Amino acid sequence: MSAKYNENAAASGAIPSEESCRCFSLSQILTATNNFDEASVIGIGGFGKVYKGSIDNGTITVAIKRLKDESKQGAKEFWTEVKMLSKLRYTHLVALIGYCNEREEMILVYEYIAHGTLADHLYKISRKESGTSIPPLVWEQRLQICVGSARGLDYLHTGTHQSVIHRDVKTTNILLDEEWVAKISDFGLSKSTTSQSITHVSTEIKGTRGYLDPEYFYTHHLTTKSDVYAFGVVLLEVLCGRPPVDVKLEEEQISLVLWAQNYIKKGKPERIVEPFLIGQMSSQCLKLFVEVANHCLQTSSKARPTMAEVVGRLEFVLALHRKGKTEGIVTKMFKGMNQWWSWEAKDNSSRSESEAKENSPKSELKKKDNSSKSKSKRKLRRFSFAEIQEATEFFNNDLLIEHGGSSKVYKGFIDRGSHAVAVKITDKTLLFCDNDAVTTIHSQICHDHVISLIGFCHENSHDGWIHVYDYMANRSLQDHIYRTGKDILVWKKRLEICIGAARGLRYLLANGVLEAGVPIKPSKILLDDKWVVKILLNFSTKGFPIGLVDSIELQHYRNSKQLGYFKASVNNSRYVDPNFFLYGVSTPASVVYSFGIVLFEVLCANEELLSRLNSLFDRNNISTINQFIHPYLMGQIAPKCLTAFLNIAYSCVHLKLTERPSMDNVLKSLLSALQLQEDWETGDQMTVSVGAIPRRIIRLPSDVS
């Protein structure tokens with residue numbers, strides 16, 4: 001055993017006894033997997049590859065999981081799993097046979113589970129990719145699997161002196177043995193409490209997109225009810241036969257939870273049933289099953305059942321199904337209703353979907369805002385590499401004004417030094433779309449509040465793509481929000497900058513440039529020499545469409561077999577819409593959310609507030625927000641303007657997408673707030689306030705000067 005991993009294990013208390021868990025040598029693992037033969041690979045996940053192998057002279061078939069070098073699931077998760085599974089033995093938990101940590105290899109050896117994951121048997125795409133014909137599970141099988149999985153989670157929560165929270169419950173972590181018995185697997189992210197009386201564990205957010213408990217996301221308090229929420233998502237997958245996040249579907253269908261809850265709320269659960277299951281269950285069975293799932297998915301953890309209660313309810317549903325007690329059968333008459341979302345129907349519905357888009361309110365908004373779009377493409381200049389060298393004094397470090405992970409920006413001068421520019425060099429390997437696409441998009445953009453691309457350099461003599469923009473003399477809003485000293489922006493100027501940014505964002509959204517809802521933030525709101533706002537478009541983040549976003553800690557598999565799954569660590573991504581992490585939904589309303597965060601930042605410039613903002617998303621907390629307002633702004637803000645501004649910001653960050661205003665309405669509201677501020681400053685109104693929060697507005701008689 002290597003010293004390096006002995007230290008890691010000892011520090012976490014995770015070294016198991018030989019009696020409970022075997023320690024394999026690397027040579028034994030190589031023999032078991034035929035030197036990690038690719039033909040033996042039976043699965044690929046965030047940890048690495050899983051191989052089918054055999055031990056003890058070929059008498060025992062096992063599954064061997066090998067950590068890949070670049071995996072973000074490292075030694076901590078490895079020893080967590082060893083520690084947990086070496087102590088836990090239960091019918092509905094996968095059994096850990098042993099481990100190997102020789103020569104910096106981290107390998108886990110499990111009992112072999114013949115039928116793979118539950119996900120393999122639910123999704124048609126998974127069944128096709130398996131290379132073999134896997135018939136879909138009938139309803140009774142699905143119910144049995146749900147009951148078994150629920151029993152496994154209940155055992156984790158209540159079956160030992162410590163309550164174990166799995167933290168990554170999902171259909172890919174529910175395995176099915178040769179008898180179709182469900183077994184919970186993958187304990188790398190699990191947490192245990194010191195006793196059953198502990199209600200929660202405060203911890204960083206980890207999990208899989210689409211399964212994250214909203215309360216855990218907002219409070220960082222992990223509880224057993226977080227597993228209950230994720231199991232509610234699993235129940236919907238079992239019923240609907242689709243993954244929790246499917247980015248190929250229309251916006252309103254991307255999130256399984258939001259889509260299903262919409263029909264459940266309308267009293268039409270039959271609309272979400274997988275077509276294969278039509279006719280296999282009674283209406284009463286369907287109703288009860290949906291009730292269990294919906295209760296698991298309650299936003300408040302206190303409103304969710306325990307896993308013991310879930311087990312009892314699902315056992316009742318299974319018994320009801322077996323006895324054939326029905327109040328009417330859900331017949332195949334509903335099949336046509338389900339075809340609109342099924343995979344086979346996607347191609348057939350593409351025409352009607354496109355027609356619907358053309359007639360949507362969103363399309364009308366595009367038509368409305370197209371008046372500000374250039375009718376013809378702007379002609380961009382093509383610079384030689386020699387001209388770029390001359391403009392930047394051969395990339396003089398004294399002219400370097402920004403250096404990020406994927407790009408460098410130099411101040412430069414063109415046209416014999418008469419025109420100041422910003423020369424941006426982006427790593428070719430990190431550019432989301434090809435260079436021609438970047439220049440084409442910029443050539444079509446013409447707006448006062450979006451930064452203009454002057455030209456580009458396509459010569460292959462340099463490692464990166466080169467784009468030349470107008471130079472922004474006053475840099476970014478970020479530089480001014482946190483500035484101290486005499487040059488701090490006054491409130492009215494901040495409000496005017498927000499209005500300019502809103503105008504730019506409205507234009508970009510209306511013309512589809514920010515269609516996917518990637519976030520805006522202060523560093524991408526630039527200011528020219530006359531303080532005119534210019535939105536900067538960033539094309540250098542792989543995994544996101546065109547937009548204004550830095551890389552966030554997401555390990556994603558958008559193009560892999562694990563379609564739509566994300567491992568998330570979201571501590572540094574405050575501008576990203578929570579709906580993206582919780583439900584996989586990213587829309588133009590997500591841009592509005594990020595702009596709401598910017599509005600709070602403009603007012604408060606307070607990192608502590610921004611880190612706590614999710615818990616303050618309530619207009620009743622205005623007095624709390626007052627505690628965080630930038631001290632320099634105290635007394636500068638008209639009370640009515642402050643109230644209006646906070647109402648705008650709160651509306652933008654509403655957790656429900658449908659409750660957020662359009663950018664057009666945000667702009668109108670900001671203009672109204674500016675008018676209130678100007679009226680106040682010119683003496684049309686006088687206010688009495690406590691701190692910066694209005695308590696009462698007093699209108700003085702017109703004859704009082």
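The values are calculated or read from the model by the stated rules, or taken from the named source; none is laboratory data. Note that this is a predicted model, so its numbers are computed, not measured. Every residue, glycine as well, gets a Cβ built from its backbone with ideal geometry; the counts of neighbours run over all protein chains shown.
See the values below:
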read-out: Set Val273, Val245, Val317: member being in contact with a strand residue (DSSP E or B) (Cβ under 7 Å, 6 or more places away or on another chain), β-branched (Val, Ile, Thr) and assigned by TED's automatic domain parsing to the domain that holds Leu122; value: Val245
read-out: Hits in segment 138-178 (condition: over 28 Å from Lys52 (Cβ atoms) and assigned to a loop (DSSP other than H, G, I, E, B)); value: Gly159, Thr160, His161, Gln162, Ser163
read-out: Checking Ala39 against (1) out of contact with any strand residue (DSSP E or B) (no Cβ under 6 Å at 6 or more places or on another chain); (2) touching a residue at least 12 places away in the same chain (Cβ under 8 Å); (3) over 16 Å from Asn101 (Cα atoms), the condition it does not meet; value: (2)
read-out: Residue ranges of strands (runs of 3 or more DSSP E) in segment 480-565 with at least 2 members within 30 Å of Tyr211 (Cβ to Cβ), of a type in the set (Phe, Trp, Tyr) and at pLDDT 60 or above; value: none
read-out: Positions within segment 213-251 being within 16 Å of the chain's Cα centre (by Cα) and among the acidic types (Asp, Glu), in sequence order; value: Asp213, Glu215, Asp246, Glu251
read-out: In segment 302-328, residue nearest to the chain's Cα centre (by Cα) [restricted to those that are acidic (Asp, Glu) and at pLDDT 95 or above]; value: Glu309
read-out: Close pairs from segment 263-280: first in contact (Cβ under 8 Å) with a residue 24 or more places away in the chain and part of a helix (DSSP H, G or I), partner surrounded by 17 or more Cβ atoms within 10 Å (Cβ to Cβ) and of a type in the set (Val, Ile, Thr), Cβ under 6 Å, at least 6 apart; value: Ile264/Val290; Glu270/Val330
read-out: Boolean, Glu252 is free of Cβ contacts under 8 Å to residues at least 60 places away in the same chain and either more than 16 Å from Leu582 (Cβ to Cβ) or not acidic (Asp, Glu) (or both); value: no
read-out: Which numbered condition Tyr583 misses (of (1) of a type in the set (Ser, Thr, Tyr); (2) touching a strand residue (DSSP E or B) at 6+ places or on another chain (Cβ under 8 Å); (3) modelled with pLDDT under 85); value: (3)
read-out: Residue in segment 184-196 that is of a type in the set (Val, Ile, Thr) and part of a helix (DSSP H, G or I) present; value: no
read-out: Segment 576-591, subset in a helix (DSSP H, G or I) and of a type in the set (Gly, Ala, Ser), residue farthest from the chain's Cα centre (by Cα); value: Ala589
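Conditions (1) touching a Gly at 6+ places or on another chain (Cβ under 7 Å); (2) buried (at least 16 other Cβ atoms within 10 Å of the Cβ); (3) at pLDDT 60 or above; (4) in a loop (DSSP other than H, G, I, E, B), marked per residue:
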residue: Gly635; (1), (2), (3), (4): no, no, yes, yes
residue: Lys640; (1), (2), (3), (4): no, yes, yes, no
residue: Ser651; (1), (2), (3), (4): no, yes, yes, no
residue: Leu667; (1), (2), (3), (4): no, yes, yes, no
residue: Asp679; (1), (2), (3), (4): no, no, yes, no
residue: Asp684; (1), (2), (3), (4): no, no, no, yes
residue: Ser689; (1), (2), (3), (4): no, yes, no, no
residue: Arg695; (1), (2), (3), (4): no, no, no, no
residue: Pro701; (1), (2), (3), (4): no, no, no, yes
